[in-house]
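Before I ask anything, here is the structure I am working with.
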Amino acid sequence: MKIGIISDTHDDIDNIKKAVKIFKDKNIKAVIHLGDIVAPPAIKFFKGFKLIGIFGNNDGYKQFLLEAYRSIGGELKGDFASIEIDGLKLALYHGEFPDITGALVKSGDYDFVLSGHTHSANVTKTGKTILVNPGSAHRFFTNDIGPTAAVLDTRSKNAEIIMIDG
């Protein structure tokens, strides 16, 4: 299964639509949002995907975000989630505290730790754990490579950063 991973969209509806199109073109059925979606109306663009999300530090309308996720059949897990997909253990954490992200990776309890917040896309391996930061999908709040997301292939156990033409 291929999973789309996105973070730090910060209400950039144009880039959310672009990312959704890329995910559809790649035949992705599940999307993980790692927080900082910000406003509940942005959730509706993920309708049709199995959407799993967590809160970011800029997500203020928590009750309304919960309702928006539920309205499209998605799951908003809270500030942290430990999930299993295709036999792989995944930790979902926004990443606001680097020591927590590092501890999740070093624990060896997870195949993948998915974390955003830094707006800097990267895929790194420590021991058996792969840390995936999809970067920021927002067109103005990114590092020098531009808006990004990621795709995780559970069969090959590989993750790749993808550009969102923003």
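The values are calculated or read from the model by the stated rules, or taken from the named source; none is laboratory data. This structure is a prediction, so every number in the text was calculated from the model and none was measured. Positions of Cβ are backbone-derived with ideal geometry, glycine not excepted, and every protein chain shown enters the neighbour counts. Heads up: the accessible areas ignore ligands, DNA and RNA and are worked out on the full protein's heavy atoms, side chains in. Shrake-Rupley method; radii C 1.70, N 1.55, O 1.52, S 1.80 Å.
Let me have the relative contact order for region 87-145, percent, based on Cα pairs under 8 Å that are six or more residues apart. Don't skip to the end; give the middle numbers.
Values: 112 pairs, mean separation 17.2, N = 59.
Averaging sequence separation for qualifying contacts and normalising by length gives 29 percent for region 87-145.
Want the number for Arg139 to Asp99: 0.36 nm per residue separation, take away the alpha-carbon distance, what's left?
Net length gain for the segment: 11.7 nm.
Step by step: find N for the chain, compute 2.2 N^0.38 Å, then divide the Cα radius of gyration by it. What's the final number?
For the chain, the normalised Cα radius of gyration is 0.92.
List the pairs from Lys2/Lys128; Lys44/Lys77; Lys21/Lys62; Lys29/Lys106; Lys21/Lys125 whose alpha-carbon separation is above 23 Å, in the order I gave them.
In this structure, Lys21/Lys62; Lys29/Lys106; Lys21/Lys125 exceed 23 Å between Cα atoms.
Over the chain, average the accessible area per residue using a 1.4 Å probe and give it in Å², no decimals.
That works out to 47 Å² per residue.
Here is a further query. Can you say what percent of the DSSP beta bridges in region 58-166, counting only those with both residues inside, are antiparallel? Round to 5.
70 percent
Another question about this same structure. Once fully extended, how much extra length lies between Asn58 and Asp109, figured as 0.36 nm per residue of separation less the alpha-carbon to alpha-carbon distance?
15.6 nm
Next up: Once amide H atoms are placed 1.01 Å from N in the peptide plane, what residues at a sequence separation of 5 or more from Val113, or on another chain, have their amide H within under 5 Å of its amide H?
Residues meeting the amide H criterion: Ala91, Ile130, Leu131, Val132.
Summing Lys, Arg as +1 and Asp, Glu as -1, what charge do residues with Cβ under 12 Å from the Cβ of Asp8 carry, Asp8 excluded?
Overall, the nearby charge balance is -4.
Which ³J(HN,Hα) values in Hz, rounded to whole numbers, follow from the phi angles of region 54-71 under the Karplus curve 6.51 cos²θ - 1.76 cosθ + 1.60, where θ = phi - 60° and Gly and Pro get x?
9, 7, x, 5, 9, 8, x, 8, 4, 5, 5, 5, 4, 5, 5, 4, 4, 5
How high is the relative contact order of region 9-166? Use alpha-carbon pairs under 8 Å, at least six apart in sequence, and give a whole percent. Don't skip to the end; give the middle numbers.
Values: 346 pairs, mean separation 28.2, N = 158.
Normalised by residue count, the contact order of region 9-166 is 18 percent.
What number, in percent, do you get for the relative contact order of region 1-100 if the mean sequence gap of Cα pairs under 8 Å and at least 6 apart is divided by its residue count? Can you show the working numbers first?
On the way: 179 pairs, mean separation 23.6, N = 100.
Over region 1-100, the number comes to 24 percent.
Could you work out Rg/(2.2 N^0.38 Å) for region 10-92, with Rg from alpha carbons only?
Dividing the Cα Rg of region 10-92 by 2.2 N^0.38 Å gives 1.04.
Computed from the mean reciprocal separation of all distinct C-alpha pairs, what Kirkwood hydrodynamic radius does region 59-148 have, in Å?
On the way: mean 1/r = 0.0703 Å⁻¹.
Every distinct Cα pair counted, the radius reaches 14.2 Å.
I want to check the label-to-label distance for Val123 and Met163. Put each point 7 Å from Cα in the C-beta direction and report it in nm to one decimal.
Result: 1.7 nm between the two label points.
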